[in-house]
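Novice: Have a look at this one.
None of the figures in this text is laboratory data; all of them are computed from the coordinates on show. Only a predicted model underlies this, so the values are computations on that prediction, with no experimental measurement involved.
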Amino acid sequence: MKTEFRSAPHERVDLCCDYYRLTDYQSFDEVLAFYEQQRAAEPDHQWLLTLDDLAQADYTSCHACLSHDLDDVRTLSTALDLSHLPATRFEDGKHVGYVTLPAEMIIRQTNFQQRLAETSFEQVIERNIGFTTDYEVDFLRANQQPLSVIDDVILLIKVPVSEPLEALLGLPNGYFSSDLSPMESYRLAERLQRDFGYRLLGVGASYLGFYQTRALTGADVTQLLMLMQQVYRDITPEQLQQVEQVVTHQPLLLLSYTE
């Protein structure tokens, strides 16, 4: 596997974070090993992997930030001290209104926290997202063979936040009205972490990725399947069996967050 470190600001990808560009991997285990290596080496940051369709995920992330006003200082309820930012980030004494540097993450983080306070898990359920994605790959194959849906280029994003679930701020997604919003994705990840020990791993154009940090009990599996029925109203009995097979036999879990 080839790894290349790139520091912000970037030209190609609309990110405000430094990242590693990963290519030529032969298995997702290689990617996970490098992810764990970086987590251990720099624990003062959170780390987020990109998953499926990087170009589309980047495009929708840009629009998600715009539609939810995540990078706009005008929507902050309290003023932030931005005196540490370079002069190039201001026009006529005002912040330019979008973020390109890790030092500007505080803007996105503060806006996100304001909107998160107004977002409940019930809104995740009400979104009525679809269990399947537009890819011609079913849930079982996507989870058992993740390279069947994951892009041939993966970014490992170094997110300058301390709270694990706020790794989502490295590539906020959920632009279309039928998708989970960035805040709703956080609430879903929060529930999976709290009740089942799933760590947020990554985000793509259609998938959220999670990694099991503890073995699930039989009661855990039953509760998790009930949760899947709440979140995915169109899930079938056969698909529930597939979820059970995945969560009892492997740590990786890929879930749709789109229509």
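Novice: Decide, for the chain, between rounded, prolate and oblate: order the square roots of the alpha carbon gyration tensor eigenvalues as a ≥ b ≥ c, take rounded if a/c falls under 1.5, and otherwise choose prolate if a/b is larger than b/c, else oblate.
Specialist: Prolate, because a/c is 1.5 or more and a/b exceeds b/c.
Novice: Percent relative contact order of the chain, based on C-alpha pairs within less than 8 angstrom and at least six residues apart?
Specialist: Rounded, it is 27 percent for the chain.
Novice: Give the span of the range 168-233's Cα atoms along each principal axis, as three whole-Å numbers ordered largest to smallest.
Specialist: Sorted from largest, the Cα extents of the range 168-233 read 36, 26, 16 Å.
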